[in-house]
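Peer 1: Got a structure here, written out as structure tokens. Questions coming.
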Amino acid sequence: MSNSNYAGRAGETDIKIEAIDVRKTFSARGNGRKDVNNLTTDALGGLNLSISRGEFHVILGPSGCGKSTFLDLVAGLTTSTDGTILIDGKPVTGPGPDRATVFQQYALLPWRTALGNVEFALENLEKDSRKRRETAVKYLDLVGLGDFCGHYPFELSGGMKQRVAIARAMAVGPEVLLMDEPFAAVDALTREILQHDLLRIVYETGKTVLFITHSIDEAVFLADRVSVMTARPGTIKAVVPVLLTRNERLSDDIKVSEVYTGTRHKLWELLKEEAAKAGVSG
């Protein structure tokens, strides 16, 4: 069964994101204590990964393995201790308009409406207020919130707030969408609805997505490929393709299909050993 969800395959020439022997070490601040001033934590231990243009790539791993650290490096929010991250073959040196990040927390401005929150992201990109508003409305429509443009965050459910956050990220026109457990804070039913909506949006826009999660089911449902990370210091243990077509992925009985259950079992087998290591190491 072939997967037609993204244009290229990692390992071919059309690579969008590439990590080459990426390492990240954090130093303890110590607060003046001599016994902890020189302590360091190795978060990433030489991570190598290629993600194709238009691919939906999910990173799965135990707590503390460096998943979010890696996403921050791709976003340009922090720098690696060693190694290189490339976007379209060029080193990442900081944040850029080619990337947008959606976090677990919605981070909406409470004094702005849904429309105002999306427009805020456009203020440095588009001087024409009419065009900003048209773009904001377009992306709120895309996430199903066209009728809620005038609502403030306190008037929206958790799922709606995250839709606004996604619309805000999409409105700036990024080529890469970075998502750090964006659905972790919502209830199970809302999470499934948002997963379906996200796939629809990605299919319509052709974005490259790097998505972080702890959930095996979420990884199998969303991903073209899943990278399983080792316990800290994190590296890529295995990359597993999810051989589902778009129509199969969005069907009602996908989670009882042989491909889904088989892939889920494979990911669990890869992950459980790393989860045990993470538990032992703290």
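Peer 1: For segment 258-282, give me each residue that is of a type outside the set (Gly, Ala, Ser) and in contact (Cβ under 8 Å) with a residue 12 or more places away in the chain.
Peer 2: VAL259, TYR260, THR263, ARG264, LYS266, LEU267, TRP268, LEU270, LEU271, GLU274, LYS277
Peer 1: Return yes or no: is ILE216 closer than 25 Å to ARG163 by Cα, surrounded by fewer than 20 Cβ atoms within 10 Å (Cβ to Cβ) and among the β-branched types (Val, Ile, Thr)?
Peer 2: For ILE216, the condition - closer than 25 Å to ARG163 by Cα, surrounded by fewer than 20 Cβ atoms within 10 Å (Cβ to Cβ) and among the β-branched types (Val, Ile, Thr) - is not met.
Peer 1: Go through the residues of segment 52-69 one by one and say whether even a single one is touching a strand residue (DSSP E or B) at 6+ places or on another chain (Cβ under 8 Å) and closer than 10 Å to ALA19 by Cβ.
Peer 2: no
Peer 1: Conditions first: (1) modelled with pLDDT of 95 or more; (2) surrounded by fewer than 20 Cβ atoms within 10 Å (Cβ to Cβ). GLN105 passes all but one, so which condition is the exception?
Peer 2: Result: GLN105 passes all but (1).
Peer 1: Also, I was wondering about something else. Any residue at all in segment 247-257 that's under 29 Å from ARG53 (Cβ atoms), touching a residue at least 24 places away in the same chain (Cβ under 8 Å) and of a type in the set (Ser, Thr, Tyr)?
Peer 2: no
Peer 1: Any residue at all in segment 172-184 that's acidic (Asp, Glu), part of a strand (DSSP E or B) and crowded, with 19+ Cβ neighbours inside 10 Å?
Peer 2: Yes, because at least one residue in segment 172-184 is acidic (Asp, Glu), part of a strand (DSSP E or B) and crowded, with 19+ Cβ neighbours inside 10 Å.
Peer 1: Next question, about the same structure. I'd like to know if segment 195-213 contains one or more residues that are modelled with pLDDT under 95, basic (Lys, Arg), out of contact with any strand residue (DSSP E or B) (no Cβ under 6 Å at 6 or more places or on another chain) and under 21 Å from THR69 (Cβ atoms).
Peer 2: The answer is no, given that none of the residues of segment 195-213 is modelled with pLDDT under 95, basic (Lys, Arg), out of contact with any strand residue (DSSP E or B) (no Cβ under 6 Å at 6 or more places or on another chain) and under 21 Å from THR69 (Cβ atoms).
Yes/no matrix, rows are residues, columns are (1) more than 14 Å from the chain's Cα centre (by Cα); (2) of a type in the set (A, V, I, L, M, F, W, C); (3) assigned by TED's automatic domain parsing to the domain that holds ILE59:
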residue	(1), (2), (3)
ASP180	no, no, yes
GLU192	yes, no, yes
VAL202	no, yes, yes
THR208	no, no, yes
ALA223	no, yes, yes
VAL242	yes, yes, yes
THR261	yes, no, yes
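The values are calculated or read from the model by the stated rules, or taken from the named source; none is laboratory data. In this text, all values refer to a predicted model and were calculated from it rather than measured experimentally. Backbone-built Cβ (ideal geometry, glycine too); neighbour counts: all protein chains shown.
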